[in-house]
Amino acid sequence: KSSETKLEELQDLEPSLEEFRASVIEGLSASRKTLPCKFLYDRRGSQIFDDICDLPEYYPTRTERQILEQHARDIAALIGPELRLVEFGSGAGMKIRLLLQALEKPSAYLPVDISREHLIAANADLAQTFPDLCIAPVCADYTAPFSLPDLPGISYKATAGFFPGSTIGNFTREEAVSFLAGARGLLGSGSVMIVGADLVKNIDVLRDAYDDAAGVTASFNLNLLRRINRELGGSFELAQFRHEARWNADLERIEMHLVSQRRQEVTVGGQRFSFAAGETIHTESSHKYRLASFRALAAEAGYEPIEVWMDEKQLFSVHALRA
Ligand code: AVI
C-alpha cells in the first residue's frame with residue numbers, strides 16, 4: 001500500500017482570525033495584560049519552538065525522549081495492541097516515533113495540533129516511515145471540545161492518548177483538570193492516557209531553560225507580537241519589548257513575560273493600548289509538578305494514576321493514567 005492511501009485528509013478546525021483578534025483585544029484590555037500562549041504557534045513560532053527543543057538549556061525534550069526510549073516497551077505493553085492513538089499537540093512528531101516503533105500493530109494515529117502547516121509537513125514525513133499506519137491529522141485547538149474523525153474500514157481494540165512535553169503545564173490547574181476530563185470523555189472509559197509532566201527543580205536550571213543564552217526563547221516570545229502585527233495590523237515595535245522568564249514560587253511555575261521598555265502606545269485592529277515603562281504582557285505559564293501534585297490533578301479529572309517513569313536525576317516524569 002502506498003503512504004497516500006493511509007494518510008487521511010486533514011480535519012481542519014484551526015482557530016479563526018476572528019477568535020485570535022478577540023483574544024488579543026481581551027488580553028490587552030485586562031488590567032494585567034496577557035495573551036493566550038496557544039497563539040505562540042504560528043508557522044514561525046512552531047519552528048522556533050522546535051529550535052528551543054534542541055537548546056542545551058532546554059532539558060525537557062531530551063529528558064522526556066530518554067524516558068520514552070528507555071520505557072517504550074513498558075508503555076506499549078500497558079496500552080496494548082491494535083490501538084487508536086491520539087496525540088494532543090503533536091508538533092514536529094518526533095516523540096511519537098518512539099512509541100509507534102514499540103507498539104504492536106497500531107491501527108491508527110490521530111495527531112491533533114493547532115499549527116496546520118506544521119501538522120501537514122510532520123505527518124507527510126511520518127507516513128513515509130510508517131506506510132502501513134492509518135494517519136488521520138486533526139488541526140484543532142484541543143483546549144476546546146472537538147471530535148475525532150471517523151475512520152471507516154479501520155478497526156481497533158482500544159484507544160490511548162499521548163500528551164507529551166509537559167504541555168499540560170501551560171494550562172492553569174483548573175484548565176488542566178478540565179482538559180484531562182475532556183480527554184477522558186473523548187477517549188472513552190478504560191483508555192490509557194500517557195502524559196509528560198515537568199518536575200519542580202533548582203530555580204536556576206528552570207530559569208536558564210526559559211531564558212537561553214542564544215536568545216531563542218526570547219525570539220519565540222517576541223514572535224507573538226510579530227504575529228499580531230502581521231495578522232491583526234498591530235503596531236508593536238519589537239525592539240521596545242524584552243523577554244523575561246520569571247519563577248512564580250507560589251504557583252510553582254515559570255512565567256514568560258514581554259516587558260515594555262518604555263512608556264508607549266500600541267494599536268491593534270484600530271484599538272489603542274497604553275503601556276507604562278516596565279509593564280508586562282504575560283504570555284505563558286509553564287507549571288512544574290511534584291509526583292503527588294500531578295497525581296492529585298489527574299484524579300480530580302477522574303483518571304487513576306497507574307504508573308510513572310522518570311529519568312535518573314528526576315527532572316521529568318511520564319505518567320500513565322487510566323480512565
Ligand atoms: C510547549 N511547552 C510545554 C513549552 C514549555 O516548556 O512550557 C513551551 C515553551 N515556552 C518556552 N519554552 C518552551
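The values are calculated or read from the model by the stated rules, or taken from the named source; none is laboratory data. Since we're looking at a predicted model, the values are computed, not measured. Reconstructed Cβ throughout: ideal geometry from the backbone, glycine too, with neighbour counts over all protein chains shown. The protein model used for the area step is the full one, side chains on, heavy atoms only, and it has no ligands, DNA or RNA in it. Shrake-Rupley method; radii C 1.70, N 1.55, O 1.52, S 1.80 Å.
Results, tabulated for the structure shown:
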item	result
Pairs where the first residue, in the range 188-207, is farther than 24 Å from Asp250 by Cβ and the second is at pLDDT below 95 and surrounded by 14 or more Cβ atoms within 10 Å (Cβ to Cβ), C-beta under 6 Å, 6+ apart	Val192/Ile79
Residues (within 16 Å of the ligand (Cβ to nearest atom) and modelled with pLDDT under 95) located in the range 58-95	Gly89, Ser90, Gly91, Ala92, Gly93, Met94, Lys95
Residue pairs meeting the criteria (Cβ under 9 Å; at least 6 apart or on separate chains; first over 15 Å from Ala213 (Cβ atoms), in the range 41-64; second more than 10 Å from the ligand (Cβ to nearest atom) and of a type in the set (Phe, Trp, Tyr))	Gly45/Phe39; Pro60/Phe316; Thr63/Phe316; Glu64/Phe316
In the range 33-42, the residues that are open to solvent by 30 Å² or more (accessible area, probe 1.4 Å) and either among the basic types (Lys, Arg) or farther than 20 Å from Cys139 by Cβ (or both)	Thr34, Lys38
Those residues of the range 116-136 which are closer than 16 Å to Asp12 by Cβ, open to solvent by 10 Å² or more (accessible area, probe 1.4 Å) and either under 19 Å from the mean Cα position of the chain (by Cα) or hydroxyl-bearing (Ser, Thr, Tyr) (or both), in sequence order	Arg116, Glu117, His118, Ile120, Ala121, Ala122
Odd one out for Lys105, checked against (1) out of contact with any Lys or Arg (no Cβ under 7 Å at 6 or more places or on another chain); (2) at negative phi; (3) open to solvent by 20 Å² or more (accessible area, probe 1.4 Å); (4) not β-branched (Val, Ile, Thr)	(2)
Selection status of Leu55, open to solvent by less than 70 Å² (accessible area, probe 1.4 Å) and either of a type in the set (Ser, Thr, Tyr) or under 23 Å from Ala183 (Cα atoms) (or both)	no
Flag if Ala92 is open to solvent by 10 Å² or more (accessible area, probe 1.4 Å), on the phi < 0 side of the Ramachandran plot and in contact with a helix residue (DSSP H, G or I) (Cβ under 7 Å, 6 or more places away or on another chain)	yes
Leading residue by the ranking (nearest to Ser260 (Cα to Cα)) among those in the range 198-226 that are within 15 Å of the ligand (Cβ to nearest atom) and among the basic types (Lys, Arg)	Arg207
Odd one out for Asp208, checked against (1) in contact with a Gly (Cβ under 7 Å, 6 or more places away or on another chain); (2) modelled with pLDDT of 95 or more; (3) surrounded by fewer than 22 Cβ atoms within 10 Å (Cβ to Cβ)	(1)
From Phe241, Phe273, Phe294, residue being open to solvent by less than 20 Å² (accessible area, probe 1.4 Å), under 21 Å from the mean Cα position of the chain (by Cα) and aromatic (Phe, Trp, Tyr)	Phe294
Number of the condition not met by Asp50 [criteria: (1) of a type in the set (D, E, K, R); (2) open to solvent by less than 40 Å² (accessible area, probe 1.4 Å); (3) within 12 Å of the ligand (Cβ to nearest atom)]	(2)
Residues (surrounded by 15 or more Cβ atoms within 10 Å (Cβ to Cβ) and either among the hydrophobic types (A, V, I, L, M, F, W, C) or farther than 26 Å from Asp150 by Cβ (or both)) located in the range 11-24	Leu13, Phe20, Arg21, Ser23, Val24
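Condition check ((1) within 16 Å of the ligand (Cβ to nearest atom); (2) farther than 24 Å from Tyr210 by Cβ; (3) within 20 Å of the chain's Cα centre (by Cα); (4) surrounded by fewer than 16 Cβ atoms within 10 Å (Cβ to Cβ)) across all residues:
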{"site": "Glu26", "(1), (2), (3), (4)": "no, yes, no, yes"}
{"site": "Ser31", "(1), (2), (3), (4)": "no, yes, no, yes"}
{"site": "Pro111", "(1), (2), (3), (4)": "yes, yes, yes, no"}
{"site": "Ile114", "(1), (2), (3), (4)": "yes, no, yes, no"}
